[in-house]
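The values are calculated or read from the model by the stated rules, or taken from the named source; none is laboratory data. Just so we're clear, the structure is a prediction, and the values are computed from it rather than from any experiment. Neighbour counts run over all protein chains shown; Cβ positions are idealised from the backbone, glycine included. Calculation scope for accessible area: heavy atoms of the full protein, side chains included, ligands and nucleic acids excluded. Shrake-Rupley method; radii C 1.70, N 1.55, O 1.52, S 1.80 Å.
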Amino acid sequence: MAGEGAPTWEEVARSHGRFLYTVAYRLTGNREDAEDLVQEVLLRVRRGLQTYQPGSMEGWLSRIATNAFLDEIRRRKRRPEDLLPDDPDWVLPPTAGADEALAAEVLPDDVHAALQRLPEDFRAAVVLCDVVGQSYQEISASLQIPVGTVRSRIHRGRAMLREVLTAA
Amino acid sequence: MNAHPGDLLSGMLDGELTPGEVAGVRAHLEACPDCQRELDRISETRTLVRDLPAVDPPFGFYERMVRPRYRWARAGVAALAGAAAVSVGVMAFAAPREPHVTPHVAQLVDAHTASASTSGDPISEMTPAAAPVSFKR
């Protein structure tokens, strides 16, 4: 039985649908997978609403969405062209991007496409920080990783984005 | 000069450092133009992501959400759908409230597999597998 004052999952879908869809779209990169991810999130929301403590609904939804996304990634076969987080191609040399300015017009579509080039663990950390606006402590709780790892994934994720956006 | 701050730069941009850590980073930056440049680049990239707009769901989204098709995470269940008892169990769980006949789970997955495609999706088609391309218009 849902707690007193807890919304129904349909109410969650209506009032937070745009937020959920945005997060899902930035995580998955395409509209079809974004819808599937939102559906999966709402499934988990239906199961979990009894235990929901009033607080940050968007924070709670973000945590569910990111974990559902990473669960699905782990379930799928990893494509050969995906670069793993410790792939040497992603180790930045000391002067990586030195004095490279971004193009005068970097469009949101460019940034979105660059996000999709990140390994998923890094993409999740950057999305939770810069799209959702969670603190490192919240991201640490969402992803069940230490705060130091949160910080390094965000930093490396941003550096990778920079590399993709400045590549000619 | 103390050690290069590395990811402390992002920590500082995100307001996550202690005052002592911030002081240490600032002292380093005064003496290290490379790290100052890195800070500027990371800050610029951070702003680009933060400025991404919210995305409006497509037409019919809410209706589809409250009438789920269970397409995605249930693909693994389809492998078991040969067992009638399993598929009945899944169908009972997935049954929508409206009293209409729902197709067999395996048919749903086959239909999805046959039609699943990201063709026509501009973002998916823009993402290369190998060399990055320019997205400039």
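On average, how much accessible surface per residue is there in region A:9-167, in Å², for a 1.4 Å probe, leaving out ligands, DNA and RNA?
43
Using a 10 Å cut-off on Cβ to Cβ distances, tally the other chain neighbours for every residue of A:100-112 and report the average as a whole number.
Counting Cβ atoms of other protein chains within 10 Å of each residue's Cβ and averaging gives 4.
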Solvent-accessible area of A:Val126, probe 1.4 Å, all protein chains present, reported in Å² to the nearest ten, please. 0
How many nm separate the modelled label positions at B:Tyr62 and A:Ile145, each set 7 Å beyond the Cα in the direction of the Cβ? 3.6
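Could you sort the peptides A:148-157, B:45-54 by per-residue average Cβ neighbour count (10 Å cutoff), highest mean leading?
Values: A:148-157: 22.4, B:45-54: 16.6.
Packing order, densest peptide first, comes out as A:148-157, B:45-54.
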Please work out whether region B:7-50 counts as rounded, prolate or oblate from its C-alpha gyration tensor, where a ≥ b ≥ c are the square roots of the eigenvalues and a/c under 1.5 means rounded, while otherwise a/b larger than b/c means prolate and anything else oblate? oblate
For A:Leu161, solvent-accessible area (1.4 Å; no DNA, RNA or ligand), Å²: 0
Enter the mean number of other protein chain beta carbons within 10 Å of the beta carbon of each residue in B:33-40, as an integer. 2
Using protein heavy atoms only (no ligands, DNA or RNA), what is the total accessible area buried between B and A, 1.4 Å probe, nearest 100 Å²? 5600
What percent of all Cα-Cα pairs in region A:9-167 falls into each 5 Å bin, going from 0 up to the bin containing the maximum distance? 1, 8, 18, 20, 20, 15, 9, 5, 2, 1, 0
Answer check: region A:109-168, Cα atoms, Kirkwood Rh, Rg/Rh ratio of 0.99
For region A:1-63 and region B:3-20, distance of Cα centres in Å: 32
